[in-house]
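A.B. asks: Let me begin by handing over the structure; questions about it come next.
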Amino acid sequence: MSKFGIIQVELQDVMGTDRQIAEAAWTSSLDKQKAEARTDADVERIVKMLAEKGHSVPFESVVFRFWMRVPIFTDRQIITHRIASHSGLSGRYRTMPDDYYQLPQDVIDIAAKAGADTLVEEYADSIETSYNSYMASLFALKNAEKEKTITNDEFKRAREVLRGQLPTAGMTERTTVMNLRSWANFYKLRSKPDAQPEIQQVAKLMYEQIKASGKIPVALEALEKHNWTI
């Protein structure tokens, strides 16, 4: 029996602060020693100016590393953002997780309104059937490997293709690295009211954790003020 998965986001690391953004900008006008001697007030002033004027490159001095657990259909939206570095769960080396994204209440309500009373049950049944088939196939292949009928490489080859029967509602894991400029663009697009609610949730969790880190309070405030356009 599969179980329901939940969307999770963890900010694992942050490289850079408001000061690093400012020092990147000052490279064009100050030597290293003078830049490092600038005050916190100078940092705040220059970071706000950069956001206001749309000078985007210094914001790339801040880099985030996120770990996420999301439905596959949400993961596919994440990796469409071209300026990021992604590493994801491999169906060759790992058995795919057996938890999946439960139908959200708004979709259940839509189904009820449409008179599709069996939709919720059919959704769960189709996913369970897919997972049961997948796991049964892997069980048979693993036994064949133990009996030396097939090699480990052959087992992994079969497993990476057999995952194709699983639904995109299944959960997967991803590590994503992106700089602040790229993340601001991601957040601007994916936090909009017309974005899919699940990707909105990812964007919101990212924002909350970045804010809680306390690394770039000035940059966050300035970028938000200018609608994340950088």
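Any read-out appearing in this document is the output of simple, stated calculations on the displayed coordinates, not a laboratory observation. What you see is a predicted model, and the numbers here were worked out from it, not measured in a lab. Glycine also receives a Cβ, built like all others from the backbone with ideal geometry; neighbour counts cover every protein chain displayed.
A.B. asks: Restricting the first residue to the stretch 107-119 and requiring it to be among the small types (Gly, Ala, Ser), which pairs with a second residue that is assigned to a helix (DSSP H, G or I) and surrounded by 12 or more Cβ atoms within 10 Å (Cβ to Cβ) meet a Cβ separation below 7 Å and a spacing of at least six or different chains?
C.D. replies: Ala111/Leu119; Ala111/Val120
A.B. asks: Continuing with the same structure: Enumerate the pairs (first residue in the stretch 1-25 and without any contact (Cβ under 8 Å) to a residue 40 or more places away in the chain; second residue anywhere and assigned to a helix (DSSP H, G or I) and among the hydroxyl-bearing types (Ser, Thr, Tyr)) with beta-carbon separation below 6 Å, excluding pairs fewer than 6 apart on the same chain, so at least 6 apart or on different chains.
C.D. replies: What qualifies is Ala24/Ser61.
A.B. asks: Give Val177, Val120, Val107, Val161 a once-over and let me know the one that is within 30 Å of Ser56 (Cα to Cα) and β-branched (Val, Ile, Thr).
C.D. replies: From the options Val177, Val120, Val107, Val161, the qualifying one is Val177.
A.B. asks: Residues of the stretch 133-172 being in contact with a Gly (Cβ under 7 Å, 6 or more places away or on another chain) and either acidic (Asp, Glu) or within 30 Å of Ile21 (Cα to Cα) (or both), which ones?
C.D. replies: Glu160
A.B. asks: Would you mind listing the helices (runs of 4 or more DSSP H) fully within the stretch 55-169 where at least 3 residues are surrounded by 12 or more Cβ atoms within 10 Å (Cβ to Cβ) and of a type in the set (Gly, Ala, Ser)?
C.D. replies: 119-146
A.B. asks: Quick check: anything in the stretch 12-33 in contact with a Gly (Cβ under 6 Å, 6 or more places away or on another chain), surrounded by 15 or more Cβ atoms within 10 Å (Cβ to Cβ), of a type outside the set (Asp, Glu) and outside any loop (DSSP other than H, G, I, E, B)?
C.D. replies: no
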